[in-house]
Amino acid sequence: MQLRLEGSVLELVQGDITLQQVDAIVNAANRWLAGGGGVDGAIHRRGGPAIMKETRRRYPEGCPTGRAVITGAGDLPSRFVIHAVGPVWKGGSKGEAALLASAYRCSLEAAVTHECRGIAFPSLSTGAYRYPVIKAARTAVSAVIEFLEERRAPELVRFVLFDEATWRAYAAALTSVTGSGKNRDPYPSG
Ligand code: AR6
């Protein structure tokens, strides 16, 4: 599924983030940048030890929740890994939505700064961090569209959703956001 905006494309695919051939892939990291399971485990496994070596050297204090830092991508097919720290879900009244949107925005900002034409995101916070996927999808899709409408870059933003239920949640979010009548193509293709 795809949404064309002025200068950019937003797309949703089902798949594995570590296999994406785009300039930057986003890691669902923790604030210590300590590695872990899920996306984080898969990225460090496939990317090799160079990524952790670089995060330790450049970001010894980790990365605050809602922010992102960038490293090389080791053995992965991308050029960069952007380590984004989404919030742990605590019921929704602890600023989770703002922190999640900020993690997406900071990642996009890092991609633009490093002249990335394409960036791939997993569904931040909806695994170990237990953010409800329907809510997370709406926040994620809105944050990305707002950024793209304002900045018209990067050229490609791809959400890589691991399972079908997650893909469906993002597809529903994209349909509902694009149906809201703002100045964009209301007919996403694909
Ligand atoms: N490609 C794409 N999506 C994936 C992949 C993959 N290879 N593997 C899992 N997912 P999570 P979080 C999906 O737990 O909730 C780690 O321990 C997964 O099904 O990776 O932000 C970190 O170190 C889910 O839909 O990230 C942190 O401590 C989504 O990616 C913590 O987990 C996110 O799940 C971060 O938790």
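Any read-out appearing in this document is the output of simple, stated calculations on the displayed coordinates, not a laboratory observation. Just so it is clear, the model here is predicted, and its values are computed rather than measured. Using ideal geometry, Cβ is built from the backbone for each residue, glycine included, and neighbour counts are taken over all protein chains shown.
The label-point distance for GLU146 and ALA34, in a model that sets each label 7 Å from Cα toward Cβ, rounds to 3.1 nm. Build a GNM of the chain with springs between Cα atoms under 10 Å apart, and of GLU109, GLU11, GLU149 the one that fluctuates most is GLU149. Express the Stokes-Einstein translational diffusion coefficient of the chain in µm² s⁻¹, to the nearest whole number, given a Kirkwood radius over alpha-carbon pairs, 37 °C and a viscosity of 0.692 mPa s. The calculation lands on 202 µm²/s.
Subtracting the Cα-Cα distance of ALA50 and ASP16 from their residue separation scaled by 0.36 nm leaves 10.2 nm. Distance between the 7 Å Cα→Cβ label points at HIS114 and ALA128: 2.1 nm. Our summary gives the chain a relative contact order of 31 percent, counting only alpha carbon pairs under 8 angstrom and 6 or more residues apart. I need the shape label for the stretch 131-171. Rule: rounded when a/c is under 1.5, else prolate if a/b > b/c, else oblate, with a, b, c from the alpha carbon gyration tensor. Oblate. Computed over the stretch 67-160, relative contact order equals 30 percent, with contacts defined as Cα pairs under 8 Å that lie 6+ residues apart. Would you work out if the stretch 1-96 is rounded, prolate or oblate? Take a ≥ b ≥ c from the square roots of the eigenvalues of the alpha-carbon gyration tensor; rounded if a/c is under 1.5, else prolate when a/b is larger than b/c, oblate otherwise. Taking the square roots of the gyration eigenvalues as a ≥ b ≥ c, the stretch 1-96 is oblate. Once the Cα-Cα distance is subtracted from the 0.36 nm per residue extended length, the SER176 to GLU6 segment shows a gain of 59.3 nm. Placing a pseudo-label 7 Å from each Cα along the Cα-to-Cβ vector at ARG79 and LYS94 gives an inter-label distance of 3.7 nm.
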